Amino acid sequence: MLKKILGTIGSRYLIAFLNLALIFINAKVLGIEGVGMIGLIVASVNIAVIVNGILCGNTIVYFMNRYSMRTIFLPAYLWTPIGSSLACGFMYLTGLLPTGYRLDIFLLAILSSTVNANARFLLGKDNIKGFNLMFILQGGLLFFVLLYFYYILKRPDVRSYVWGLYVTNGIALLPAYRCLFLIS
């Protein structure tokens, strides 16, 4: 048990350190306007993820002990595009979605919510290693992907950050699906 706790704490601190370094890199590479746009994009995606958390968040962990994974899986996955549509639609109507990134925010909300749901499935099955791996891939890999986009591909712009979110969330899904099929 102590090993699981220390592994989780260690992975969280690693991600926090990489995110702090990424803030400085983004500020240098993208400037104030670029960092502001990234903040709006990430905040918009996170609002949709919070809405999706109703059926794709910690409620999954709660129901994992009461129902089979197959029973929980379908509603959680169906809710992801529905909740993202509702949240993004509301943000669009209120003028909160950044122009030029509306479709990206919607797609990233679905992708991030799916990763979140898969992480909760793993947590509900007490697969802490899989849960931590998803968290590291989703959060920590972004640092290295953005370094690649900014400095190797020479694309220091907000669109590279958005593509970095697609890449890291997509990669985070792969081990989750493998783990889910092993535990179902």
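Below, the figures for the structure above:
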item	result
Heavy-atom surface of the stretch 1-128, accessible at 1.4 Å and reported per residue (Å²)	56
Relative contact order of the chain, defined on C-alpha pairs under 8 angstrom at six or more residues apart (%)	29
Helix-only [θ]222 nm of the chain, DSSP H runs n ≥ 4, -39500 (n - 2.57) each, per residue, nearest 500	-28500 deg cm²/dmol
Rounded to the nearest 10 Å², the accessible area of I110 at probe 1.4 Å	40
Carbon/sulfur fraction of accessible area - the stretch 24-145, other protein chains in place, 1.4 Å, %	71
Between 0 and 90°, nearest 10: helix 102-124 axis offset from the chain longest Cα axis	30
Sites L174 and Y92 - FRET efficiency at Förster radius 30 Å, r taken between beta-carbons, to 0.05	0.45
Full-extension gain in nm, R159 to A16, via 0.36 nm per residue minus C-alpha separation	49.2 nm
Cα Rg, Dmax (largest Cα-Cα span) when computed across the chain, Å	16.9, 51
Accessible area of D157 in the full protein assembly, 1.4 Å probe (Å², nearest 10)	50
In Hz, Karplus ³J(HN,Hα) per residue of the stretch 44-59 (6.51, -1.76, 1.60; θ = phi - 60°; x = Gly, Pro)	5, 4, 5, 4, 5, 5, 5, 4, 5, x, 4, 10, 10, x, 5, 5
Other-chain or far-sequence residues with amide H under 5 Å of R155's (modelled H)	Y150
Whole-number Å³ per residue for the convex hull built on Cα positions in the stretch 78-175	96
Per-bin percent of Cα-Cα distances, the stretch 24-100 [5 Å]	3, 15, 19, 16, 13, 12, 10, 7, 4, 1
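The values are calculated or read from the model by the stated rules, or taken from the named source; none is laboratory data. All of these numbers come straight from a predicted model, not from anything done at the bench. We place every Cβ from the backbone using ideal geometry, glycine too, and count neighbours over all the protein chains shown. Keep in mind that these areas ignore ligands, DNA and RNA; they rest on the heavy atoms of the full protein, side chains included. Shrake-Rupley method; radii C 1.70, N 1.55, O 1.52, S 1.80 Å.
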